[in-house]
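The values are calculated or read from the model by the stated rules, or taken from the named source; none is laboratory data. The structure displayed is predicted, hence computed values, not measured ones. Backbone-built Cβ (ideal geometry, glycine too); neighbour counts: all protein chains shown.
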Amino acid sequence: MNKLLATLVAGLFAAAVSAQTTPAAPAAAAAPAAKTEVKADVKAEAKADAKAEKKVAKADAKAEKTEAKADAKADKKVAKADAKAEKKEAKAEVKAEARKEEAKK
């Protein structure tokens, strides 16, 4: 995330600097070169943005996968605890019935 922000800020500064510079040569001669340079800058920015978006999407997918794993693990623990409690209850019931039988004798 920090790299993404750094890239965006650097791009913002680069765009601001290139927008503020005034050409020293005649405007007619500099226009085609500036146009090409602007296209290259825009293309580079678009490529960097796409790359950053791809990284963010990948990180989000990884986070979701990790969260899903954690949820599954927690569910498994809960199920195990429930099974253990049920087993303990059943054992207690059997013991109680055994004691009742012995008390009747």
Criterion (among the basic types (Lys, Arg), at pLDDT below 80 and either touching a Pro at 6+ places or on another chain (Cβ under 9 Å) or closer than 29 Å to residue 2 by Cα (or both)) met by exactly one of 55, 105, 39
39
In the range 1-36, residues that are modelled with pLDDT of 75 or more and among the charged types (D, E, K, R) total 1
